[in-house]
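Student: Quick one: this structure, given as structure tokens, is what I'll be asking you about.
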Amino acid sequence: MVQGRADQAVKRLRELLCAEPGHAGAWALLGFACRDEQQMPDAIAAFARAQELDRANPLTAAALAQTRLESGLAAVDDCRRALALSPGREPLIASLAAALVAEGERGEAEALLADALARRADWIEGQRTLATIRWTSGDRAGYARGYADGCRLQPQNLALRLGWFRLVAQVRDWPAARAILDDGERLFGPQRAIVIARLFIAAESGVRAEAEELFERTRDWRDEVRDLAWIRHCLRERRPAEAADIALGLTRTPSARLAWPYLSLIWRLLDDPRAKWLDGSPPYVRAFDVQLERSHLEELAELLRRLHTARAPYVEQSVRGGTQTERPLFFRTEPILQLVRGRILDKLREYVASLPPFEAGHPLLGTPRTQLLFSGSWSVRLLSGGFNVAHTHPLGWISSAFYVSLPEPAQMGAKPAGWIQFGEAPPELGLDLPPIAEVEPRAGRLVLFPATMWHATVPFNDGERLALAFDVRSPAH
């Protein structure tokens, strides 16, 4: 793997600090360079030294607080200190709320965000954060009330209303989503964004006639949401050829990683050989047995169970019948996680080395094989009857599943209960496409696959299925 620019910067800054150990700015820059390399303990140490040398620097205080938070360390006091230097700074308020939740103070986190939103109702990220805390605490009735209050205070704020709509639509509460748009149209008229939102609801909720009318009305509009809704609508209607050109066009835009998974389905339905070009023949799915002691897996399982504090999965996640952790696991400092991370990185390098040669234009093979950095790492804990719906990971290049603890075979059920399957379409599309690959989970087994590949977990009968997963970031050119 090629050395990253940030890694080169780390070396130069360390050389500078040997000559000028009291240079606060250089320590801060070292912290940012280490963060870019995902060397979190070194980043924390550098930011802490920079803060010792320059206690009034708000940037250093914020960086230290955020890095401690991402690393799974206690960060409430650091966030408060950073906020004292930058009063009212909203990203820091969000970080403090996350730190409070991590330390079991969900009520205080809610109150903090509610107070900030009372002062500025159009802080959309704050609205979503507050709604997420309420949702994951099990509040199904009032999770979005902050948006409702904000829209009453600022009825002319279309962006705030659309943020409310997107949240409610994500949990597929179609009546509530329609009501939000109805009120919006009375206030703003048939704005383009409202028309697209109505189109999305009609297509996803199965109101076929309305969807067809709105697709015709917007035929000449170039809009990512409209294009993806059209692709999904054509697949439901068994008209894959009509979706092909739009999907292929999206692969030449920033939305490419959203489009490739649908092209896989389209080409398979059309018996187009490009399906095998895209997904691999055999598919680019590999299973590795990671060399870990049983005691290591038991220690890891115990840690992960402590981190599953939410009562429900986040609204955008694929988990059903379980929960998913939030902050990046591989940034945490526990020795067992760092041991597992190192062993997994060895297998990840092996997977990348085994791929076919570079091929421009391919979402997996056309990516530079330089540094391996993570764009996310988390744990999924599924209980009796739990599963993951078919989904992809548009923020990743390579995705994974690493199995930590599984039910006994008698609890799991008949094969393929609890297995991970690849290539099966989301059930709401109603396509008769079987999996192109499937892997049986085993404790200590790592499965690697392209992030653009559809994957799902088959429900199992009873017990606990505990896994760790991550996405690898697309390396820079």
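Student: Are there any pairs with C-beta distances below 6 angstrom linking a residue in segment 388-410 that is closer than 15 Å to A301 by Cα to a residue that is surrounded by 21 or more Cβ atoms within 10 Å (Cβ to Cβ) and among the basic types (K, R), with the two at least 6 apart or on different chains, and if so which?
Tutor: What qualifies is L406/R465.
Student: From the residues in segment 282-329 that are over 18 Å from S405 (Cα atoms) and modelled with pLDDT of 90 or more, which one is nearest to the chain's Cα centre (by Cα)?
Tutor: Filtering first and then ranking leaves P328.
Yes/no matrix, rows are residues, columns are (1) surrounded by fewer than 20 Cβ atoms within 10 Å (Cβ to Cβ); (2) closer than 27 Å to I133 by Cβ; (3) polar (S, T, N, Q); (4) at pLDDT below 95:
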position	(1), (2), (3), (4)
A24	yes, no, no, yes
A33	no, no, no, yes
F47	no, yes, no, no
D54	yes, no, no, no
G72	no, yes, no, yes
A94	no, yes, no, no
E103	yes, yes, no, yes
A109	no, yes, no, no
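Student: Testing D182 on (1) acidic (D, E); (2) exposed (fewer than 15 other Cβ atoms within 10 Å of the Cβ); (3) under 30 Å from D78 (Cβ atoms); (4) modelled with pLDDT of 95 or more, one condition comes back false. Which one is that?
Tutor: Unmet for D182, out of (1) acidic (D, E); (2) exposed (fewer than 15 other Cβ atoms within 10 Å of the Cβ); (3) under 30 Å from D78 (Cβ atoms); (4) modelled with pLDDT of 95 or more: (3).
Student: Which fully enclosed helices (runs of 4 or more DSSP H) of segment 16-123 have 2 or more residues being in contact with a Cys (Cβ under 9 Å, 6 or more places away or on another chain) and not β-branched (V, I, T)?
Tutor: On the way: elements: 24-36, 40-53, 58-70, 76-85, 90-102, 106-119.
In segment 16-123, the matching helices (runs of 4 or more DSSP H) lie at 40-53, 58-70, 90-102.
Student: Exactly one condition in (1) within 26 Å of R311 (Cβ to Cβ); (2) surrounded by 21 or more Cβ atoms within 10 Å (Cβ to Cβ); (3) within 18 Å of the chain's Cα centre (by Cα); (4) of a type outside the set (S, T, N, Q) is false for G376; which is it?
Tutor: For G376, the failing item is (2).
Student: Another question, then. Does segment 127-143 contain any residue that is in contact with a helix residue (DSSP H, G or I) (Cβ under 9 Å, 6 or more places away or on another chain), surrounded by fewer than 20 Cβ atoms within 10 Å (Cβ to Cβ) and farther than 20 Å from T325 by Cα?
Tutor: The answer is yes, given that some residue of segment 127-143 is in contact with a helix residue (DSSP H, G or I) (Cβ under 9 Å, 6 or more places away or on another chain), surrounded by fewer than 20 Cβ atoms within 10 Å (Cβ to Cβ) and farther than 20 Å from T325 by Cα.
Student: Please work out if R128 is part of a helix (DSSP H, G or I), closer than 23 Å to V319 by Cα, in contact with a Leu (Cβ under 9 Å, 6 or more places away or on another chain) and of a type in the set (K, R).
Tutor: yes
Student: Considering only segment 352-381, state which residues are touching a residue at least 24 places away in the same chain (Cβ under 8 Å), aliphatic (A, V, I, L, M) and part of a loop (DSSP other than H, G, I, E, B).
Tutor: L355, L364, L372, L373
Student: While we're here: Of the conditions (1) over 20 Å from I133 (Cα atoms); (2) touching a Ser or Thr at 6+ places or on another chain (Cβ under 6 Å); (3) small (G, A, S), A63 satisfies every one except a single condition; which number is it?
Tutor: It is condition (2) that A63 fails.
Student: Taking R311 as the residue in question, decide whether it is surrounded by fewer than 17 Cβ atoms within 10 Å (Cβ to Cβ), within 26 Å of R140 (Cβ to Cβ) and in contact with a helix residue (DSSP H, G or I) (Cβ under 7 Å, 6 or more places away or on another chain).
Tutor: Numbers: surrounded by fewer than 17 Cβ atoms within 10 Å (Cβ to Cβ): yes; within 26 Å of R140 (Cβ to Cβ): yes; in contact with a helix residue (DSSP H, G or I) (Cβ under 7 Å, 6 or more places away or on another chain): yes.
The answer is yes for R311.
Student: How many of the residues in segment 213-244 are acidic (D, E) and in contact with a Leu (Cβ under 7 Å, 6 or more places away or on another chain)? Step through it out loud before you land on a result.
Tutor: Taking segment 213-244 first, the residues acidic (D, E) are 213, 216, 220, 223-224, 227, 237, 242.
Then keep just the ones that are in contact with a Leu (Cβ under 7 Å, 6 or more places away or on another chain); that gives 227.
Going through segment 213-244 one residue at a time, the tally reaches 1.
The values are calculated or read from the model by the stated rules, or taken from the named source; none is laboratory data. Not measured: the values here are computed from a predicted model. Positions of Cβ are generated from backbone atoms using ideal geometry, with glycine treated the same way; all protein chains shown enter the neighbour counts.
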